[in-house]
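To start, the structure under review is shown below, and the notes come after it.
What follows draws every value from the coordinates through simple rules; no lab data is involved. A quick note: this is a predicted structure, and the numbers were derived from the prediction, not measured. Glycine also receives a Cβ, built like all others from the backbone with ideal geometry; neighbour counts cover every protein chain displayed.
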Amino acid sequence: MRKVKVLIVGAGPAGIAAGLQLKKEGVESLLVDRARFPRDKICGDAISGKVVELLRKLDPSILSGLEKSPIQCASWGVTFVAPNGKALEIPFKRDYQKGDHHPPGFISKRFDFDHFMLERARERGLEVLEAFDAQHFERRNGNWEIRSADGQCIEAGLLIFANGAHSRFARQAGIRKEKKHYCAGVRAYFKGVEYAHPGHFIELHFSRSFLPGYFWIFPLPGGLFNVGVGMRSDKVSRKKIHLRERMMQMIKEDKNLKKRFARAELLGKIDGYGLPLGSKKRRISGEAYLLAGDAAALIDPFTGEGIGNAMLSGVEAAKVAAEAVRSGHFEADFMQQYDENVYRKLGRELQLSYKMQQLVNYPWLFNLVVNRASKSETLRNTISAMFEDIDLRARLKKPGFYRDLLFK
Ligand SMILES: Cc1cc2nc3c(=O)[nH]c(=O)nc-3n(C[C@H](O)[C@H](O)[C@H](O)COP(=O)(O)OP(=O)(O)OC[C@H]3O[C@@H](n4cnc5c(N)ncnc54)[C@H](O)[C@@H]3O)c2cc1C
């Protein structure tokens with residue numbers, strides 16, 4: 001039987017980040033995934049500024065490799081389309097057209113991005129075992145015994161579960177699906193969408209007929225587009241919405257969208273997957289285990305962004321795992337410092353995003369913000385900076401912000 005100090009289950013963004021951090025800490029680990037890479041992951045494929053920042057800290061050479069790679073399309077901002085049809089363009093970096101060669105974000109098919117990350121991690125000495133479907137976990141004599149579906153066995157001192165939204169272990173550990181804290185999403189690839197933004201801005205459309213959900217168009221390399229819709233699961237159930245049908249209906253009927261899709265072609269099928277939102281604080285560790293990424297339900301409740309938080313939690317999990325291995329402490333109480341670290345870094349932001357999620361329940365307020373911002377450079381700059389600075393997001397919560405918005 002193979003023995004390791006730390007076993008990481010799942011080689012998505014959370015697992016890879018955990019593996020890279022453990023490598024830095026000098027702690028022996030093994031990363032297993034049930035898939036053979038490259039493999040697909042249903043996602044919007046938008047890689048935010050948070051991922052860029054984390055990669056810069058984890059390993060800047062991986063980031064510079066990504067910047068040069070043809071698998072990605074650099075994205076310099078976001079366009080919001082308000083319920084009244086008005087578009088608001090917000091660059092992620094101000095003055096982005098002035099020859100800056102370090103994009104604040106990317107769009108890359110997860111099929112390519114996850115494979116790219118796995119290969120970079122392997123080059124840096126991380127051991128990865130593909131086609132290992134971890135199914136059975138048993139605590140024996142202070143260690144974990146992990147069996148795959150086909151009977152392979154590994155013994156580990158500590159487990160990091162980074163196996164995504166459908167992690168059975170996470171469910172057993174108490175991360176249950178609650179529709180109010182869960183989002184349903186579908187996405188498809190298209191070609192031939194009418195799109196002309198030179199900065200490859202991602203587009204979020206808050207169409208009146210589909211509130212409180214949103215429709216996205218994200219440009220990819222090679223003239224392709226990731227197109228999808230997302231809505232909180234309790235609203236989907238209450239309104240009895242069939243997301244795939246509604247997405248195609250919007251493409252055919254929405255005033256803004258139908259022109260853009262007049263010559264577009266759907267490639268393959270429309271796929272769906274769940275997004276466990278971080279709008280509720282949960283226990284994400286226990287005796288000799290840590291949950292990271294979607295397994296720990298950490299997706300931003302406003303933007304649906306999960307890759308950055310998955311990586312951040314992977315890094316934090318690795319730091320605590322390294323401490324546990326060094327000190328020989330694997331008790332649940334010791335592990336709890338991981339929960340504290342993650343929620344100290346993400347808790348405020350997740351709560352603010354949860355509040356901002358409510359904004360789409362007030363289309364008039366949304367329209368107002370977009371109308372004002374399209375006339376006010378100061379406001380556009382404020383929103384632009386919001387993507388870099390959490391304190392500015394906090395301003396959105398204060399009544400004074402709206403007073404200034406209306407009267408200044
Ligand atoms: C429709 C949709 C759109 C989204 N759009 C965006 C977006 O544009 N930007 C963004 O930042 N986020 C987006 N997200 C969220 C993002 O996809 C996730 O938050 C992110 O993938 C979480 O990473 P992870 O490493 O936790 O899990 P995953 O990426 O799900 O990786 C989990 C890994 O675990 C492996 N695994 C599963 N079970 C086992 C097992 N039993 N044994 C071994 N291996 C196993 C899987 O094969 C997989 O490789 C979107 C999600 C959806 C559903």
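Available extension along the chain between His101 and Lys57 is 14.0 nm, counting 0.36 nm per residue and deducting the alpha carbon span.
In a fully extended conformation the segment linking Met1 and Glu25 would gain 6.1 nm over its present Cα-Cα distance, using 0.36 nm per residue. Can you bin the range 25-76 into rounded, prolate or oblate? Criterion: square roots of the alpha carbon gyration tensor eigenvalues sorted a ≥ b ≥ c, rounded for a/c under 1.5, prolate for a/b above b/c, oblate for the rest. Cα axes put the range 25-76 in the oblate bin.
Considering only alpha-carbon pairs that sit under 8 angstrom and 6 or more positions apart, the relative contact order computed for the range 159-309 is 35 percent.
A helix-only calculation puts the chain at -12000 deg cm²/dmol for mean residue ellipticity at 222 nm, using -39500 (n - 2.57) for each DSSP H run of at least four residues, averaged over all residues. Relative contact order for the range 248-334: 23 percent, from Cα pairs under 8 Å spaced at least 6 residues apart, divided by residue count. Ordering Gln135, Gly105, Val186 by the projection of their Cα atoms onto the charge dipole of the range 102-193, which places +1 on the Cβ of Lys and Arg and -1 on the Cβ of Asp and Glu, puts Val186 at the extreme positive end.
Applying 0.36 nm per residue to the separation of Arg139 and His197 and subtracting their alpha-carbon distance, the gain on full extension is 15.5 nm.
Highest mean packing comes first when the peptides 29-42, 352-365 are listed by Cβ atoms within 10 Å, giving 29-42, 352-365.
The calculated FRET efficiency for Glu67 paired with Arg94, based on their beta-carbon distance and R0 = 30 Å, is about 0.90.
Rounded to the nearest 20, the size of the Cβ-charge dipole of the chain about its Cα centre is 1620 debye, with Lys and Arg at +1 and Asp and Glu at -1. Here the Gaussian network model covers the chain, with springs between Cα atoms less than 10 Å apart; of Ala46, Ala288, Ala196, Ala196 fluctuates the most. Protection proxy ranking, highest mean first, for peptides 115-123, 235-243: 115-123, 235-243, where packing is the per-residue count of other beta-carbon atoms within 10 Å, averaged.
Site pair Arg36 and His115 shows an inter-label distance of 1.2 nm when each label is modelled 7 Å from Cα along Cα→Cβ.
Within the chain, the selection of entire DSSP H helices by a Cα span of 27 Å or greater along the long axis and an average Kyte-Doolittle value of at least 0.5 returns 307-327. Under the combined filter of DSSP loop state and at most 16 neighbouring Cβ atoms within 10 Å, the range 25-89 retains these GluC sites (Glu not before Pro): Glu28. Note on the chain: GNM, Cα springs under 10 Å; of Ile90, Ile154, Ile175, the largest mean-square fluctuation is that of Ile154. Each of Leu359 and Ser374 was given a label point 7 Å from its Cα along the Cα-to-Cβ line. The distance between the two points is 1.6 nm. Relative contact order, percent, of the chain when contacts are C-alpha pairs under 8 Å separated by at least 6 residues? That works out to 22 percent. With R₀ fixed at 45 Å, the C-beta to C-beta distance from Gln249 to Ser327 puts the FRET efficiency at about 0.20. Quick one: net charge of Arg36's neighbours, Cβ under 14 Å, K/R +1, D/E -1? Net charge in that neighbourhood comes out at -3.
Taking the chain as a Gaussian network of alpha-carbon nodes connected by springs under 10 Å, the highest mean-square fluctuation of the residues Gly272, Gly347, Gly26 belongs to Gly26. Note on Leu129 and Glu340: with the Förster distance fixed at 45 Å, the Cβ-Cβ geometry gives a FRET efficiency of about 0.90.
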